[in-house]
Amino acid sequence: MQLIKIGNIELHFDLENTKAFYETQNGFSCTCPDCLNYVSKLGTVKKLINGLDEQLGIDLSKDVGQAMDELMPLDYEDHNLYVIPYYINGKCILAGKDLEKQQNGPIWPNTIRADYRLDKNLNLLFINTTDSVVFENAQNVLTIWLEFKTPLLEEENTCWKKIKKVFKNKKRLANKELSLIKV
C-alpha cells in the first residue's frame, strides 16, 4: 500500500492494482455536448490536478462510472459543473479516523466524505465505497468525485438545457389549456 497526504486527508491505496483497473476501462464515448466539452478540457483538469491523478494511478480519460456513478453535467446560470467519478483500490482516513464505508442510496445529503479544494475550479470528494463497485482484487474501493467548474457551455443542446426546454414547453401548453378552459 502507498500513502499520499492531502491536508488532513490520508489516502492509502494499491497503485499497481489501480493502474491495472484503468488499463481495462474504456474512454468516454458519449457524444452529447456536455461530455464532449469535459473531454475537451481534460488538459486543463490535468494541469489543475498537478500530477495527483498519476500518483494515484488514475487515467482521467477513462469513463469508469458504474451503476448510478457517471459524469454528471450541472448547468448553472453562470457556469457548468462537471461531477465525474474515479475509483482507486484504497481507503481514506480523515483526521486520523477511517472514513466510514457508504451504502448505496440517496448519497449527497448524508454521505460521509472528505472534501479537498485544489483550485477555485477543481474540488475532490473522497468516499469509501461499498462493494457495489466492481473492481477486481480490491479490498477497499475509494470513489473520488472530481468536481470541475467551467465557463457556461453556450450550446443549446446540452443535456440539462434540453430537459429544461421540455418542461418549459409542457408548462406553456398547460397554461394554454387553462386559458382555453376559462373562455
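The values are calculated or read from the model by the stated rules, or taken from the named source; none is laboratory data. Since we're looking at a predicted model, the values are computed, not measured. Ligands, DNA and RNA are excluded from the accessible area calculation, which covers all protein heavy atoms including side chains. Shrake-Rupley method; radii C 1.70, N 1.55, O 1.52, S 1.80 Å.
Which pairs in the list K47/K120; K41/K120; K19/K41 are over 19 Å apart, alpha-carbon to alpha-carbon? Let's see the in-between values first.
On the way: K47/K120 13 Å; K41/K120 16 Å; K19/K41 22 Å.
From K47/K120; K41/K120; K19/K41, over 19 Å: K19/K41.
Over the stretch 1-151, average the accessible area per residue using a 1.4 Å probe and give it in Å², no decimals. Numbers along the way, then the final one.
Working: 7990 Å² over 151 residues.
In whole numbers, the stretch 1-151 has 53 Å² accessible per residue.
Given a 1.4 Å probe and every protein chain left where it sits, what share in percent of the accessible area of the stretch 1-80 is carbon and sulfur?
On the way: 2150 of 4420 Å².
Ligands and nucleic acids excluded, carbon and sulfur reach 49 percent.
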